[in-house]
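Visitor: The structure's right below; bear with me while I get my questions together.
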Amino acid sequence: MYERPRHWRTSRQWHPPRTLLAGHAVRHRFGVHAMNVKLVQVHVHFEYTEAIDAILEAAGVAQFVRYRLVDGKDTEGRHYGSQVFPGNVTVFQAIVAEAAVDALMTELERFRVAKRAHEHLQALVMPIERQIGVVGAAGAGAAPAAGKG
């Protein structure tokens, strides 16, 4: 995997680079997170953007990405922002701790079934294999902040 330099004669003198060390502190020091988090993606009609914002905030999601006025097709047809196909879709992507995913999905489902007009909402949960950077606030189900070093 990683060989020691030849001029070091004993294994006691050789230490692997810090990036190869396994451990929570080293991963966070270098900003690489391999935690139990999921990517939640929500598709909703643009007029319900504020309601989904409120649901994400209530669920403790500190950061998310929102793509506004996206063209899309759902159960109600095409939404291209034109007179022929009116309306647009908003897409949210949030990195959420695995422990908090069920509560968030429950709230999204509660919103979806509350009115017939909300039935178009679609939410997906996808695994994250690797993540680089700091996400969210500690305690909100997201990765803790990277240490200074």
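The values are calculated or read from the model by the stated rules, or taken from the named source; none is laboratory data. Remember, it's a predicted structure, so these values are computed and weren't measured experimentally. Because the Cβ atoms are built from the backbone with ideal geometry, glycine has one as well, and the counts that use them run over all protein chains shown. Each accessible area value is taken on the protein alone, full model and side chains, heavy atoms only, with ligands, DNA and RNA left out. Shrake-Rupley method; radii C 1.70, N 1.55, O 1.52, S 1.80 Å.
Visitor: Per residue, how much accessible area does segment 31-126 show when a 1.4 Å probe rolls over the protein heavy atoms, in square angstrom? Please report the intermediate quantities before stating the final value.
Guide: Values: 5610 Å² over 96 residues.
Heavy-atom SASA per residue in segment 31-126 reads 58 Å².
Visitor: What residues qualify as long-range amide H neighbours of Q131, i.e. H under 5 Å apart, gap of 5 or more or another chain, H built at 1.01 Å from N?
Guide: Those qualifying (amide H under 5 Å, at least 5 residues apart or on another chain) are H33.
Visitor: Shifting gears a bit: Which GluC sites (Glu not before Pro) in segment 65-114 pass both tests, a DSSP loop state and at most 16 other beta-carbon atoms within 10 Å?
Guide: On the way: sites: E76, E98, E107, E109; in loops: E76.
Taking segment 65-114 and a limit of 16 other Cβ atoms within 10 Å, the loop GluC sites (Glu not before Pro) found are E76.
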